[in-house]
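Working notes, structure below.
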Amino acid sequence: MTTVSFATYSNHSATLTRRERVIVALAAQGMSNRDIAERLFISIRTVENHLQRSYYKLGVHSRHELGDAAARVRAAV
């Protein structure tokens, strides 16, 4: 599984998994958890879990803050 380090972007020394990067990107585009779940053939709860872990890893607190975080994710890949 490919991971990207984001230690320089947040207070947390962490990495996002490939799936977390995909979900963060889709959420940052404005897709709802339900839409993301349907697109990726996973449960809504799984999307919520991935987002919660991603928020922590990226040092953000809400979906609103994901835009900048998603840009950093794309730049690091």
Practice prompt. Determine, yes or no, whether ARG45 is of a type outside the set (S, T, N, Q), at pLDDT 90 or above and in contact with an Asp or Glu (Cβ under 7 Å, 6 or more places away or on another chain).
Written response: no
Worksheet entry | Candidate set from the stretch 18-72 (those that are assigned to a helix (DSSP H, G or I) and polar (S, T, N, Q)); member that is surrounded by the fewest Cβ atoms within 10 Å (Cβ to Cβ) | GLN52
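The values are calculated or read from the model by the stated rules, or taken from the named source; none is laboratory data. For clarity, every value in this text was computed on a predicted model and none was experimentally measured. Cβ: placed from backbone, ideal geometry, glycine included. Neighbour counts: every protein chain shown.
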